[in-house]
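What follows is a single structure, written as structure tokens, with notes after it.
Coordinate-derived values only; no laboratory data. Bear in mind the structure is a predicted one, so any value in this text is a computation, not a measurement. Don't worry about glycine lacking a Cβ; one is built from the backbone with ideal geometry, like all the others, and counts go over all protein chains shown.
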Amino acid sequence: MSERLEDIAAAMVASGKGILAADESSGTIKKRFDVIGVESTADSRRDYRELLFRSTNAMKNYISGVILYDETIRQKAADGTPLVDLIKATGAIPGIKVDAGAKPLIGFPGDTITEGLDGLRERLADYYKLGARFAKWRAVIDIDTTKNVPSRYTIDANTQALARYAALCQEAGIVPIVEPEVLMDGAHDIDTCYDVTRATLVKLYDALYDARVKLEGSILKPNMVIAGKKSGSKNSPEEIAEKTLRLFRETVPVAVPGIAFLSGGQSDEEATANLNAINAAGAQPWKLTFSYGRALQAAPQKAWSGKAENVAAAQAAFAHRAHMNSLATLGKWQGALEKAA
Ligand code: 13P
């Protein structure tokens, strides 16, 4: 496969395909395993991720790339094959989460800053040797209008860090996924989400230009424009699609080849229905696909529940969600397909 950044980026958003975000840190995967009553050990984490990567048809047909965590990119399957080789054998591209997590931002209660720039050049060189051809860095922007969160400063600091990360990735031959996640956990309405996401994306692309990042070799991983979970209001997929697209047409340069959404705590079906509405709204300057963690994995995790005899059922659950989201990237999903499954 071509090693040019723009070719890798184009392959990450190939038609009908999206990204599997399997880069939960050890702390986050433990939380997910607690829900299904599975002890989180290096072996249980390996067994679970191996079953996803061995879902051969789903991986071949619907998954363009997999975001891994540091432990996973170094792990071997039960038979000794590196997990990275399992992914590559399906035609999907291995990627790696390189940020060190969102930490409280000093002086700004409620805001966070994502850390991980120190030593990043060396770590990227190492990950390239391990097979990674794209990376992910997640900035977290919370909304709490009663507390002046987010501050202008947190948006500046986080987008500056994203730009420095992106430039270092490109130097290493790695496509940066830039992820400025505006959280949907708060009590805000959809228009507040619009305003905060707009302020974030404007600063982000300013920072990326300033850092001389080549946008053709980058992918944006944003939230959709959506009301906070605690607002008590639910927007229709059509309203989410209309506002999300209006915002992106205002702020995301056409040089960016693709936008791969996070699911952010939407239910599996919501994440699919909203992506479908976005793609059913007509042609756009960029590919619009998924880079889902929870919305692809909640169903297979539940089906697996840590038992070897459930592996086939878990793979079927993963294949179903991947298929539904693939259809959504084409605007061809319908709720009736879920009922039939
Ligand atoms: P969710 O789809 O669960 O939000 O995770 C995607 C991701 O990678 C967040 O960084």
Return the single residue from Ser26, Ser263, Ser55 with maximal mean-square fluctuation; model: Gaussian network over the chain, springs between Cα atoms under 10 Å.
Ser26
23 Å tail of the calculated P(r), segment 71-217, as % of Cα pairs:
42 percent
Take the chain, mark every one of the GluC sites (Glu not before Pro) that falls in a DSSP loop and has at most 15 other Cβ within 10 Å, then report the longest stretch left between them, sites excluded.
116-341
Please state, to two decimals, what the Cα-based radius of gyration of segment 93-175 comes to when divided by 2.2 N^0.38 Å (N = residues).
1.21
Starting from the Cα gyration tensor of segment 194-283, take the square roots of the eigenvalues, sort them a ≥ b ≥ c, and report rounded, prolate or oblate (rounded when a/c is under 1.5, otherwise prolate if a/b is larger than b/c, else oblate).
prolate
In nm, give the distance between the simple-model label positions of Val35 and Lys60, each being 7 Å from the Cα along the Cα-to-Cβ direction.
3.1 nm
Please return the longest range in the chain lying between exposed loop sites, taking trypsin sites (Lys or Arg not before Pro), DSSP loop only, at most 16 other beta-carbon atoms within 10 Å, and leaving the sites out.
75-211
Rounded to two decimals, the Debye log10 I(q)/I(0) of the chain (Cα scatterers, no solvent) at q = 0.09, 0.10, 0.11, 0.12 Å⁻¹ is -0.43, -0.54, -0.67, -0.81
Got the relative contact order for the chain handy, in percent, Cα pairs under 8 Å and 6 or more residues apart?
18 percent
How big is the dipole moment of segment 232-341 about its Cα centre under a simple scheme where the beta carbon of each Lys and Arg is +1, that of each Asp and Glu is -1, and everything else is neutral? Debye, nearest 20, please.
140 debye
Which pairs, out of Lys17/Lys243; Lys88/Lys339; Lys88/Lys332, put more than 26 Å between their alpha-carbon atoms?
Lys88/Lys339; Lys88/Lys332
Can you compute the helix-only [θ] at 222 nm over the chain? Use -39500 (n - 2.57) per DSSP H run of at least 4 residues, normalise by all residues, nearest 500 deg cm²/dmol.
-14500 deg cm²/dmol
From the Cα gyration tensor of segment 1-114, with a ≥ b ≥ c the square roots of its eigenvalues, which class applies: rounded if a/c is under 1.5, or else prolate if a/b is larger than b/c, or else oblate?
oblate
Would you work out if segment 207-341 is rounded, prolate or oblate? Take a ≥ b ≥ c from the square roots of the eigenvalues of the alpha-carbon gyration tensor; rounded if a/c is under 1.5, else prolate when a/b is larger than b/c, oblate otherwise.
prolate
